[in-house]
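These notes concern the structure reproduced below.
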């Protein structure tokens, strides 16, 4: 993302962290590595030289230099031209971009006390910095002049689109407001920045503090030997010798619930997970999220929108809240109906097993689901893991598919520095041997890393700047004890393919202007290419290449694989309902007008009422994220946008059908997907890209069939 883009502004508000100390480094200290462009291949950040004390001076100098560049552009005596205004903006803020990319990335992937303590300090400073730019009247006047005359400047389509993007960014930031409105906008943005940083820190701190301590190993019956050993190591790391610790993920459901036989322990894990952010004390997020909701509603109103969702969706492919509401309203009833049928099946199974559950509870669902899966399809999830050794999945699966489809070649670069010993780097080459970029893989969970999986770019591709991409994937796979193989679940395999789809989107970027690079597309489009890439995880040629037993080298038995594939629609009522519940919560909070947000004490009551109103209040299937730990929407960039996954899945399911109709894993298919869509970034309207690839508008029927909702 370009340092001047709204995407980076959102990241600054959501993730910005600062560092202790101030002023220039001591004379005895080495030169700050952010002050100059990295000399490493592809301008990879020199992670081995970066220290905590480097961040603050780099941010301070970066903002100072950026504002000086902006002042020069805005005060230019010459009439505004594309070159002296728009291209000058594209080139501005290089130092701020360098430090921001590393800082925001490590705040999520490998944070520390110094970064955490200063997060709230830097967030409002960055918000104010971008307000100074986007509310600069002289600068906006130059952009407005170019926008009015854009069709007469003799520019190519991408350049005209860039002018339109800049003008839209200024207007949406409040450039057309009066002085009082702009002053209030600055106040709102500053407070939102601080609140977003506070929310993010609370979630990270509480997910670590809420880890479940188990005194007796007997209570862990059902877990594998490796999982029990990992729980013992986690306890040792907390100085709890002789005990075991089950760490929580940021989702409502927790992986251990699928295996643990002790129902009381399952209940303790689930209740702890669901209560995060709402139990009082230091990590309670109820006051944070209600204030954020109110401020977002007020900001939208200042800009002339009825609510925050309308403000956000204007820039997405969905365009309106009504369009999203209508789509989700059609999906919710069949999803919940499926979930209720699944619940009845689970209760019947428990009764046959002699387990007196009464009604199935949220902490029972995963446990009995695995038993029912084994009964119906004659396998359980644990049978698959020996065939999914992580390095084999990555190199013989993910990379193999990319080679078959796009001709890519991967060469590991252990000589290049990383920010953590678990991180690995590969150089990526085209089929003809020409260099394409760097790929970083950071796959293991750790206390310094936020939950979930994501992709980011340390360097964005740009013809204007002459840069090639450096992208990274992050997962949260539990690290096994030393010397043990890392065996993935089937879901983790799918996630690895998914995130590499984002990486390909970044690596294949071939645009002129950094604003449009890589994944700089609408939020409800960005998940689409990554979801398409999931298909290769089960494509026969790819699967045969990576799904081999980590000890014997034997391929996964065909009958086991057949049962796995047959079960793909199993439990889809649960999966769709838990996702839709979170999505509908997001939209309920962000369709509030100013003054309608509840106070902190009413936050959970609002959540309950919203789920009831949407028809997805089903206690055995809680939302994937409850309001108080919903990082996507309060601490990330998905506010009023969590619907994007299923919106993108419509495009994904339709595209998967295209690949199947055209022969699947063929170079010509990959080349077509790359040329028409993956290489374009945000330089063309998103739905025009889809039409160029697919040859028509999207069809929703493939998605309905996939999820059993047809």
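Values in this text are rule-based calculations from the coordinates and carry no lab data. As the structure is a prediction and not an experimental result, all values here were calculated from the model. Here Cβ is always computed from backbone atoms with ideal geometry, including for glycine, and neighbour counts include all displayed protein chains.
What percent of all Cα-Cα pairs in the chain falls into each 20 Å bin, going from 0 up to the bin containing the maximum distance?
The distribution over the chain is 17, 53, 28, 2, 0, given as percents.
Translational diffusion coefficient, Stokes-Einstein: compute it for the range 26-165 using the Kirkwood radius over C-alpha pairs as Rh, at 20 °C and 1.002 mPa s, and state it as an integer in µm² s⁻¹.
Translational diffusion coefficient: 125 µm²/s.
Order 464-475, 75-86 from most to least packed using the mean count of other Cβ atoms within 10 Å.
Ranked by mean Cβ neighbours within 10 Å, highest first: 464-475, 75-86.
In nm, to one decimal, how far is the residue 560 label point from the residue 218 one, both placed 7 Å along Cα→Cβ?
Reported label-point gap for residue 560 and residue 218 is 3.2 nm.
State the dimensionless ratio Rg/Rh of the range 385-569 (Rg: radius of gyration of Cα atoms; Rh: Kirkwood radius). Numbers along the way, then the final one.
On the way: Rg = 16.7 Å, Rh = 17.2 Å.
Dividing the radius of gyration by the Kirkwood radius yields 0.97.
Round to a whole angstrom and tell me the spacing of the C-alpha centers of the range 498-522 and the range 211-275.
Taking the Cα centre of each part, the range 498-522 and the range 211-275 sit 38 Å apart.
Could you give the C-alpha radius of gyration of the range 259-326 expressed as a fraction of 2.2 N^0.38 Å, taking N as the number of residues it contains?
So the range 259-326 has a normalised radius of gyration of 1.71.
Report the FRET efficiency, 1/(1 + (r/R0)^6), for residue 117 and residue 94, where r is their Cβ-Cβ distance and R0 is 30 Å, rounded to 0.05.
That gives a FRET efficiency of 0.60.
For the pair residue 464 and residue 430, how long in nm is the line joining their label points, each one 7 Å along Cα→Cβ?
Modelled inter-label distance: 2.3 nm.
For the range 290-358 and the range 687-710, what is the separation of their Cα centres, given in Å?
About 21 Å separates the Cα centre of the range 290-358 from the one of the range 687-710.
Just subtract the alpha-carbon distance of residue 593 and residue 704 from 0.36 nm times their residue separation and send over the number in nm, one decimal. Could the numbers behind the result be given before it?
Values: separation 111, 0.36 × 111 = 39.96 nm, distance 3.30 nm.
Between residue 593 and residue 704, full extension yields 36.7 nm more.
When you count, for each residue, the other Cβ atoms within 10 Å and take the mean per peptide, how do 553-563, 671-681, 570-580 rank with the highest first?
Descending packing order for the listed peptides: 570-580, 671-681, 553-563.
Taking the range 462-501 as the region of interest, what is the percent of Cα-Cα pairs per 5 angstrom bin, listed from the shortest bin to the one with the maximum distance?
Distribution as computed: 5, 17, 19, 16, 13, 10, 7, 7, 5, 1 percent.
What is the distance, in nm, between label points placed 7 Å from the Cα along the Cα-to-Cβ direction at residue 320 and at residue 48?
The modelled label-to-label distance comes out at 5.8 nm.
Within the P(r) computed for the range 210-275, what percentage of the Cα pairs occupies the region above 13 Å?
Of all Cα-Cα pairs in the range 210-275, 59 percent lie more than 13 Å apart.
Along each of the three principal axes of the Cα atoms of the range 48-100, give the extent in whole Å, ordering the values from largest to smallest.
Principal axes ranked by extent give 44, 16, 11 Å for the Cα atoms.
Could you work out how much longer the chain between residue 409 and residue 125 gets when fully extended? Use 0.36 nm per residue separation minus the Cα distance between them, nm to one decimal.
That pair, residue 409 and residue 125, stretches by 98.0 nm at full extension.
Once R0 is set to 35 Å, what does the formula 1/(1 + (r/R0)^6) return for the Cβ-Cβ distance between residue 327 and residue 359, expressed as a FRET efficiency to the nearest 0.05?
Approximately 0.70, to the nearest 0.05.
By how many nm would the segment from residue 282 to residue 68 lengthen if fully extended, with 0.36 nm per residue of separation less the alpha-carbon distance?
73.0 nm
Given the peptides 317-330, 611-624, arrange them by the average over their residues of other C-beta atoms within 10 Å, most packed first.
Per-residue Cβ counts within 10 Å, averaged per peptide and sorted highest first, yield 611-624, 317-330.
Rounded, prolate or oblate: which one fits the range 284-406, using the alpha carbon gyration tensor with axes a ≥ b ≥ c (rounded when a/c is under 1.5, else prolate when a/b beats b/c, else oblate)?
Taking the square roots of the gyration eigenvalues as a ≥ b ≥ c, the range 284-406 is oblate.
What list of whole percents do you get for P(r) of the range 98-156, with Cα-Cα distances grouped in 10 Å bins up to the one holding the largest distance?
18, 30, 21, 20, 10, 1
Taking 35 Å as R0, compute the FRET efficiency from the Cβ-Cβ separation of residue 180 and residue 76 and round it to 0.05.
After rounding, the FRET efficiency stands at 0.75.
For the chain, what is the mean residue ellipticity at 222 nm derived from helices alone (per DSSP H run of n ≥ 4: -39500 (n - 2.57); sum divided by total residues; nearest 500 deg cm²/dmol)?
-16500 deg cm²/dmol
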